[in-house]
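This report refers to the structure that appears directly beneath it.
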Amino acid sequence: MAKHRTDSTTRGLLAALPETRVDLLAAIDALGDAGVTRGEIAKAARWNPGYLSEVLKQDGKRPTAAKVVSLIGALRVLGDANGMTLAGAEAVRRVAERYGVPTQSLTNPADGPVAVAAPNFVKRRLLETTLVSAVVTPGTYAIDGQPMAGVSSTLLLVETLLARRGVQTCRLSARFDLVASKRIERSATGILGALAAAITGDDAWLADDFFAIQEAIRDRLVAAPVGFALLLDDMNDLPFEELETLKSLLRDWATRRATGAPGYASVTVWLAYTSNVREVAMRSQLLASYHIVDWFTAAEVRELAKALAPFAAASGRVGSPQSWADDVTSDALALFGGQPQLTHLYLWDRHLDGAASAPGILTLRPAGAYERHLRRLARTFAALLRPARAQEAIAELAATGALVDSVSVSDWQAIEGLGIVKPNGRWRCAYYEAHLPKAVAGSVPGTR
């Protein structure tokens, strides 16, 4: 007989087993309509098929919470892989909510930052530990990292950590919400009015004067009982003149925070940068406490592979999830060296096709998200070094496999800062070595 805890939560779950049984049966029947057998469900949940049938039929069978959680996981995976009716998915959601299990589906890394609750969100243990400590204290913080290393995903994590503490948040992209939207351009006070409009949700502030806007922001901060957080992503896209105004605003907030002014005492700011500019000091807020997002470690790549393995196995594409995860981890590390976006894209594609490797990836022309990654990096590379110098540097890299002494210190630092080479000047990953020279050539007019 299964042994159960004696706490109130467990007693509540046992009392709700009749409702849970109905929901589980509805979900399992929905999967059956999609062609998934109960035996396959039991195998995915690590249940004995006979025991699963008994639990669904007999009121006297009372599985432990751990067993039900395992079954929920299997139902989610099989539902994502094979399709499930809305009624079946809703039944899984009810059981998952009852047992405190997140129900977020996988997030395709090609679609943007990965949701924090998604099974394939990569937890960077050391970084997350420092972030958990940082969000406790209101202040001005910055997240920095190489291009496409997961800076925006880390900002999403910060938002989640703040929200768990009851802090009200406003997350904006400087590129899209302030510049591309023309909010700054339409504002009579530049970025100040644009921020006020975003923070309050009222674009009428774009036309107001400086002092009225300051009062509107103060009122919004005071209205947040636990605290308010402004999270600004894509800081590199903010025009210099607006950046200077923002610096003044944040210094004012810091002063008011230090004096305990109402609303400002609990206001916190998080800025997200990408290390793809030379003028780091000019673009930095200067007073921020920085947190650096690096490439994935081998352990983090393996963790991601293990998170995707059950989804690949549930679709019937992978025989042994453990073996697939081990093999695809080794292949991904050999190709990308832990570059976050490329690694995630690669593991995502392999979980879809069930392969543990893609033999032609270093010889075939990149396409889709891989091509966009290379094109963005190449454009940044050419802009940093200027087109002619970029061509010279990439030619040296392609010919020798390493930067040479003729490269200036500033150029060397810029190339290393983009994650293209290691500190010793050699290529940081095999994929860049195979494809980046051609991508850089294609980014410079007249060199295709």
Practice prompt. Please work out which one of (1) at pLDDT below 90; (2) surrounded by 20 or more Cβ atoms within 10 Å (Cβ to Cβ) is the condition GLY354 fails and give its number.
Written response: (2)
Discussion item. Consider region 226-256. How many of its residues are outside any helix (DSSP H, G or I) and modelled with pLDDT under 90?
Written reply: 2
Worksheet item: Any chance region 405-416 includes a residue that's of a type outside the set (Asp, Glu), in contact with a strand residue (DSSP E or B) (Cβ under 9 Å, 6 or more places away or on another chain) and either at negative phi or surrounded by fewer than 20 Cβ atoms within 10 Å (Cβ to Cβ) (or both)?
Response: yes
Worksheet entry | LEU71 vs. criteria in a helix (DSSP H, G or I), touching a residue at least 40 places away in the same chain (Cβ under 8 Å), in contact with a Phe, Trp or Tyr (Cβ under 7 Å, 6 or more places away or on another chain) and surrounded by 14 or more Cβ atoms within 10 Å (Cβ to Cβ) | yes
Response to the item:
Pairs returned, first residue in region 315-337 that is among the small types (Gly, Ala, Ser), second residue that is modelled with pLDDT of 90 or more and not in a helix (DSSP H, G or I), beta-carbon separation under 8 angstrom, 6 or more apart or interchain, are GLY337/TRP295; GLY337/ARG428; GLY337/CYS429
Practice prompt. Take the residues in region 185-204 that are farther than 21 Å from PHE240 by Cβ and outside any helix (DSSP H, G or I), then tell me which one is nearest to the chain's Cα centre (by Cα).
Written response: GLY201
Worksheet item: Do any residues in region 379-400 that are more than 16 Å from ASN424 (Cα to Cα) have Cβ atoms under 7 Å from those of residues that are at pLDDT below 85 and of a type in the set (A, V, I, L, M, F, W, C), where the two are at least six apart or on different chains, and which pairs are they?
Response: ALA382/VAL444; LEU384/ALA414; LEU385/ALA414; PRO387/VAL444; ALA390/VAL444; GLN391/VAL444
Discussion item. Return the residues of region 66-118 that are modelled with pLDDT of 85 or more, touching a Ser or Thr at 6+ places or on another chain (Cβ under 8 Å), closer than 22 Å to ARG46 by Cβ and of a type in the set (A, V, I, L, M, F, W, C); say none if nothing qualifies.
Written reply: VAL68, VAL92, VAL95, ALA96
Fill in: Selected residue (criterion: surrounded by the fewest Cβ atoms within 10 Å (Cβ to Cβ)) from residues of region 126-147 that are hydroxyl-bearing (Ser, Thr, Tyr) and part of a strand (DSSP E or B)
THR140
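One line per residue, one yes/no per condition, for (1) over 30 Å from THR259 (Cα atoms); (2) touching a residue at least 40 places away in the same chain (Cβ under 8 Å); (3) not assigned by TED's automatic domain parsing to the domain that holds ALA272:
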{"position": "ARG93", "(1), (2), (3)": "yes, no, yes"}
{"position": "ASP111", "(1), (2), (3)": "yes, no, yes"}
{"position": "VAL151", "(1), (2), (3)": "yes, yes, no"}
{"position": "THR169", "(1), (2), (3)": "no, yes, no"}
{"position": "ALA174", "(1), (2), (3)": "no, yes, no"}
Discussion item. Can you go through GLU40, GLU54 and tell me which one is among the acidic types (Asp, Glu) and more than 35 Å from the chain's Cα centre (by Cα)?
Written reply: GLU54
Worksheet item: Which of the residues belonging to region 23-51 are in a helix (DSSP H, G or I), without any contact (Cβ under 8 Å) to a residue 24 or more places away in the chain and not small (Gly, Ala, Ser)?
Response: ARG38, LYS43, PRO49, TYR51
Item to complete: State whether the residues of region 350-369 include one that is assigned to a helix (DSSP H, G or I) and of a type in the set (S, T, N, Q).
Response: no
Worksheet item: What are the pairs, 6+ residues apart or on separate chains, where a residue within region 405-431 that is without any contact (Cβ under 8 Å) to a residue 40 or more places away in the chain has its Cβ under 9 Å from a residue that is part of a loop (DSSP other than H, G, I, E, B) and of a type in the set (Lys, Arg)?
Response: GLN413/ARG278; GLU416/LYS422; GLU416/ARG428; VAL421/ARG428; LYS422/ARG428
Worksheet entry | Residues (more than 25 Å from ILE361 (Cβ to Cβ) and in a helix (DSSP H, G or I)) located in region 395-435 | VAL409, SER410, ASP411, TRP412, GLN413, ALA414, GLY417
Discussion item. Between a residue in region 247-265 that is among the aliphatic types (A, V, I, L, M) and any residue that is part of a helix (DSSP H, G or I), which pairs come within a Cβ distance under 7 Å, given they are 6 or more apart or on different chains?
Written reply: LEU249/LEU192; ALA265/ARG257
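The values are calculated or read from the model by the stated rules, or taken from the named source; none is laboratory data. Given the structure is predicted, the values throughout are model-derived calculations rather than measurements. In this analysis, Cβ positions are derived from the backbone assuming ideal geometry, glycine residues included, and neighbour counts consider all displayed protein chains.
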